[in-house]
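The values are calculated or read from the model by the stated rules, or taken from the named source; none is laboratory data. Just so you know, these numbers come straight off a predicted model, no measurement behind them. No Cβ is skipped: glycine too gets one built from the backbone with ideal geometry, and neighbour counts run over all protein chains shown.
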There are 2 protein chains.
Amino acid sequence: MTTAPRFDVLAIGNAIVDVMAAADDALLAREGLHKGGMALIDAERATSLYAAMGPAQEISGGSAANTLAGLAGLGCTCAFVGQVADDQLGEVFAHDVRAMGISFTTAARPSEPPTARCLILVTPDGQRTMNTFLGASQFLPASALDASLIRDAAILYLEGYLWDPEEPRAAMRAAIDAARSAGRKVAFTLSDAFVIDRHRSDFLDLIDQGQIDILFANDAEIQSLAQIDSFEGAVAAIADKVPLLVVTRSADGAIAVRNGERFEVAAEPVDKVVDTTGAGDLFAAGFLAGQTQGKDIETSLRMGAIAAAEIISHFGARPTVDLKALTAQKLG
Amino acid sequence: MTTAPRFDVLAIGNAIVDVMAAADDALLAREGLHKGGMALIDAERATSLYAAMGPAQEISGGSAANTLAGLAGLGCTCAFVGQVADDQLGEVFAHDVRAMGISFTTAARPSEPPTARCLILVTPDGQRTMNTFLGASQFLPASALDASLIRDAAILYLEGYLWDPEEPRAAMRAAIDAARSAGRKVAFTLSDAFVIDRHRSDFLDLIDQGQIDILFANDAEIQSLAQIDSFEGAVAAIADKVPLLVVTRSADGAIAVRNGERFEVAAEPVDKVVDTTGAGDLFAAGFLAGQTQGKDIETSLRMGAIAAAEIISHFGARPTVDLKALTAQKLG
């Protein structure tokens, strides 16, 4: 008999501080940026792009950490594993995660490079274009993950972004094995169509081997993964291989497919889309909160839509309201 | 014959990054904080208070630097002098000032302490309670101010906050002398009623000696300076001693008194007061922009009210819209 897990969700992700600035399309064009995407950049490029950006705000980010912030706001118990450096941005990241009541014990890395940052340009249409300098985040060692922590969480949540750097990729593979042998569920978010381009065969192998219980994707990502140029075709191809698939479609809502059964939800109305940063992360938060709290799939999808709508109505990818109260009010 | 100054305004101020978090009144009570005030804190207190705060956003601040950000947004040419450390928050501050087109050439300080930060708790009523760790900012040396820079600016703008630490106080005194002997105008903002408590006789001496051409204050500050428990009484007492006095009164608008003649403006309507951080700083920006652009006193007051209304409608003390366009539209 196993004891009840101490955490609802343990997430492993990049530990990143977002550096967000308003930008126009001309700046994106001048800097050769692909609107809506995430590009990895080196220190030199980070310096030159930062110099070209307008006045910015620093807000803690990182895809999986954003999802945990949403989960914590919805009353779930959470733990985070990610690598910061021993510097001011690392302190900012650690403070903001812990201030949400999330357990975060990964030791800061004492040497160079500095804490990861993501330079995010937000255009007037609310779209975000992300440029990530991975810094310390790419050196997350497998030793940061102890097996007891993984056994202590009902769901292990992983972001595809972490597949880019070598050390975290190895750490995630070990974590998946540990979770599966402890009988825990593994949730995985595909993160970005370009990430999938770089790691498609790895991701498909994980799925084919039954390592993933819950797969999160958006429209572009599911088509990239399946290499099928049609939403329905791609969903059909992947849904067969995972017990639970959740796919978001921006303004067109989201769907879930569980063992062949399909569920849908409309997008939650928003007065004005200010900044789409974190929309997918918070959708995953709402959905997983529903699942860990025993809600049905429709309600879980609705919770995802509500959390996503909150995050796109303001700057930054961390909730600024009481998500629990908001969700209770919206669900009625 | 002197040449036309290169800058409309040169400001000397604390170089501070604001660390802003939502807070409730209970947290203020637990931490013994005086709502609406500014307290100086040491490194130990900064650490303990930060730990008690919720998730935060980092946005460049500093009273005089906020005013310059407003002035730059209104089309004025500006320069800033202030001390950051050679660290990540120092880079953030320098980036954000320069990204507004403001000249900032003060060299970062290579040793401890770190760049100044202000822990700001914003309550649901929109009030901000500020706790400043002065860090590197308090070591601004007089040598950072060269006389040619001061000669190069039509207005020298100083914040009362800088009177607390010893080195910047000496630097400001030298700057005032340099500005006066170059025939430039000196503008001074009283900053905070508690700052005035600490330096009343210095401030009154400056005023009595005719060193200040334009004095900015709010309701509480003018009463503290005059030690008169009545708005009208305090204004009457001080207005006699400065060529141009500008006093803001939050929701009750603002007044100016120039050589005995009094002008008034109502507060600009705001849908919802989100965060009053920077209201006084941006009022000063709008007013000074009007003055440097040859506007009359009424119009300058109106420009102050418009800039202040923009800043209190969102988190953070730096403008998030095109202030020039907003002002042109509002002035009609």
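Data overview
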read-out	value
Any hit, the stretch B:19-33, residues being within 25 Å of B:Leu71 (Cα to Cα) and in contact (Cβ under 8 Å) with a residue 24 or more places away in the chain	yes
Residue that is surrounded by the most Cβ atoms within 10 Å (Cβ to Cβ), among those in the stretch A:99-116 that are among the β-branched types (Val, Ile, Thr) and away from chain B (no Cβ under 14 Å)	A:Thr106
Given (1) assigned to a loop (DSSP other than H, G, I, E, B); (2) at pLDDT 95 or above; (3) of a type in the set (Gly, Ala, Ser), number of the condition A:Ser111 does not satisfy	(2)
Residues of the stretch B:119-138 satisfying the condition of being within 14 Å of chain A (Cβ to nearest Cβ), of a type outside the set (Phe, Trp, Tyr) and within 17 Å of the chain's Cα centre (by Cα)	B:Leu119, B:Ile120
Number of the exception - B:Pro141 against (1) touching a residue at least 24 places away in the same chain (Cβ under 8 Å); (2) within 18 Å of the chain's Cα centre (by Cα); (3) surrounded by fewer than 17 Cβ atoms within 10 Å (Cβ to Cβ)	(2)
Qualifying positions in the stretch A:72-98 - of a type in the set (Gly, Ala, Ser), outside any strand (DSSP E or B) and within 11 Å of another protein chain (Cβ to nearest Cβ)	A:Ala72, A:Gly73, A:Gly90, A:Ala94
Single residue of the stretch A:30-46 satisfying the filter (exposed (fewer than 14 other Cβ atoms within 10 Å of the Cβ) and over 14 Å from A:Gln127 (Cβ atoms)) that is nearest to the other protein chains (Cβ to nearest Cβ)	A:Ala43
Residues of the stretch B:103-136 that turn out to be small (Gly, Ala, Ser) and under 17 Å from B:Arg45 (Cα atoms), as a count	3
Residue among B:Arg262, B:Arg180 that is touching a strand residue (DSSP E or B) at 6+ places or on another chain (Cβ under 7 Å) and surrounded by 15 or more Cβ atoms within 10 Å (Cβ to Cβ)	B:Arg180
Single match in A:Ile102, A:Ile155, A:Ile120 (criterion: β-branched (Val, Ile, Thr), touching a residue at least 40 places away in the same chain (Cβ under 8 Å) and closer than 17 Å to A:Arg6 by Cα)	A:Ile155
Test result for B:Ile59, within 10 Å of chain A (Cβ to nearest Cβ) and in contact (Cβ under 8 Å) with a residue 12 or more places away in the chain	yes
So B:Gly54, is it on the phi > 0 side of the Ramachandran plot, within 12 Å of chain A (Cβ to nearest Cβ) and either crowded, with 16+ Cβ neighbours inside 10 Å or part of a loop (DSSP other than H, G, I, E, B) (or both)	no
Index of the failed condition, A:Leu49 passing every other in (1) touching a residue at least 40 places away in the same chain (Cβ under 8 Å); (2) aliphatic (A, V, I, L, M); (3) within 12 Å of chain B (Cβ to nearest Cβ); (4) surrounded by 22 or more Cβ atoms within 10 Å (Cβ to Cβ)	(4)
Any hit, the stretch A:199-211, residues being in contact with a His (Cβ under 6 Å, 6 or more places away or on another chain) and surrounded by 16 or more Cβ atoms within 10 Å (Cβ to Cβ)	no
Pick from the stretch B:4-29, criterion within 14 Å of chain A (Cβ to nearest Cβ) and not in a strand (DSSP E or B), ranking: surrounded by the most Cβ atoms within 10 Å (Cβ to Cβ)	B:Ala23
Selected residue (criterion: surrounded by the fewest Cβ atoms within 10 Å (Cβ to Cβ)) from residues of the stretch A:117-138 that are out of contact with any Gly (no Cβ under 8 Å at 6 or more places or on another chain) and part of a helix (DSSP H, G or I)	A:Gln138
